[in-house]
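Throughout, read-outs are computed from the coordinates displayed, never taken from laboratory work. All figures in this text were calculated on a predicted structure; none of them were measured in a lab. Every residue, glycine as well, gets a Cβ built from its backbone with ideal geometry; the counts of neighbours run over all protein chains shown.
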Amino acid sequence: AAALAAGDVAALAASLLSSKAEWRIVLCHHPPASLASTRGADLAPPLAEALAAAAAGGARVALIASGHDHTLQWLPAPGAAAAAAAAAGKEVGPSPLPPDFPPILISGAGSESWKAGKASKALKAAGGGGGSGSPWGVQESGFADCVFGRAAAACDFVGVGGRALHSVQFGRPG
């Protein structure tokens, strides 16, 4: 069963369309895409449908923020990355996202009581990631600290003890 029912898709799209906020950010527990798991993959198709309906009406979402995975991740263009991986013949999971899907920030590693297990190969590969335009992720405790300005945002991923792990910047969609 899908994580969002048909009525939920319509309600989310309507809420995004009626919002007067400068930044539209969707929060969900399970990430619709992740380098560490496929747990929220059933959320991706209905969420993409709601975001497309909102965007068609001029309400573009700037960011999807979630937790659950006990990782810190930045997926700047998850749909474009999945399309590129599929074109290269790589396995991309059950439901690739559309190329215009907003970036995903995962900050689900806030508990030191959780002990990291085996990180996925994709997460390990992204750990040394580049800047704001590259996927990045680590499997350790920490959080994301984001500041939103009028036209741009900056998010810092912070590890245990306040150690800076990664920083990204992105613009507000037009």
Of everything in segment 36-47, what is under 25 Å from R172 (Cβ atoms) and either surrounded by fewer than 20 Cβ atoms within 10 Å (Cβ to Cβ) or touching a Cys at 6+ places or on another chain (Cβ under 6 Å) (or both)? Give them in sequence order. P46
Hey, among the residues in segment 11-35 that are touching a residue at least 40 places away in the same chain (Cβ under 8 Å) and polar (S, T, N, Q), which one's nearest to F170 (Cα to Cα)? S34
Would you please list the contacts, defined by Cβ atoms under 9 Å and residues six or more apart or on different chains, that run from a residue in segment 156-168 that is at negative phi to a residue that is among the hydroxyl-bearing types (S, T, Y)? D156/S167; F157/S107; F157/S167; G159/S141; V160/S141; S167/S132; V168/S132
